[in-house]
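Worksheet: the structure to be examined is printed underneath.
The values are calculated or read from the model by the stated rules, or taken from the named source; none is laboratory data. None of these values were measured; they are calculated from a predicted model. Every residue, glycine as well, gets a Cβ built from its backbone with ideal geometry; the counts of neighbours run over all protein chains shown. Remember, those area values only see protein heavy atoms, side chains included, never the ligands or the DNA or RNA. Shrake-Rupley method; radii C 1.70, N 1.55, O 1.52, S 1.80 Å.
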Amino acid sequence: MGKSVFGKTCALCHAAGVAGAPKPGDKADWAPRIAQGNDLLHKHAIEGFTGAKGQMPARGGNTALTDDEVKAAVAFMVDQSR
């Protein structure tokens, strides 16, 4: 499910690094985010977040995504970036 959600929604920004979005596989960019833990990654992905490097719209801008779909997409990107 995570790969599918990533491909349909998240890739729009994360594949190209739009607005500071960390690209899957960019270990240096993901490492500090991963270190903060899944709970915070999920919170930022679900609720949205604005930080020093850019912004993350709530649910990647796709309000139809469920919490579980967002969490699966986060897991997919994290798995690519360890």
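Just need a number here: residues in segment 51-66 that are out of contact with any Cys (no Cβ under 6 Å at 6 or more places or on another chain) and either open to solvent by 60 Å² or more (accessible area, probe 1.4 Å) or small (G, A, S) (or both).
Adding up the residues that qualify gives 11.
Report, by residue number, each residue of segment 27-82 that is in a loop (DSSP other than H, G, I, E, B) and either of a type outside the set (G, A, S) or closer than 19 Å to A16 by Cα (or both).
Q36, G48, A52, K53, P57, N62, T63, L65, T66, S81, R82, listed by residue number.
If you go through segment 31-47 one residue at a time, do you hit one that is closer than 14 Å to Q80 by Cα, in contact with an Asp or Glu (Cβ under 6 Å, 6 or more places away or on another chain) and in contact (Cβ under 8 Å) with a residue 24 or more places away in the chain?
So far as segment 31-47 goes, no, none of its residues is closer than 14 Å to Q80 by Cα, in contact with an Asp or Glu (Cβ under 6 Å, 6 or more places away or on another chain) and in contact (Cβ under 8 Å) with a residue 24 or more places away in the chain.
If you check T66 against the conditions, is it of a type in the set (S, T, Y) and free of Cβ contacts under 8 Å to residues at least 40 places away in the same chain?
yes
Per-residue answers, yes or no, for (1) touching a strand residue (DSSP E or B) at 6+ places or on another chain (Cβ under 6 Å); (2) surrounded by 15 or more Cβ atoms within 10 Å (Cβ to Cβ); (3) basic (K, R):
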position	(1), (2), (3)
F6	no, yes, no
C13	no, yes, no
K23	no, yes, yes
W30	no, yes, no
L41	no, yes, no
V74	no, yes, no
R82	no, no, yes
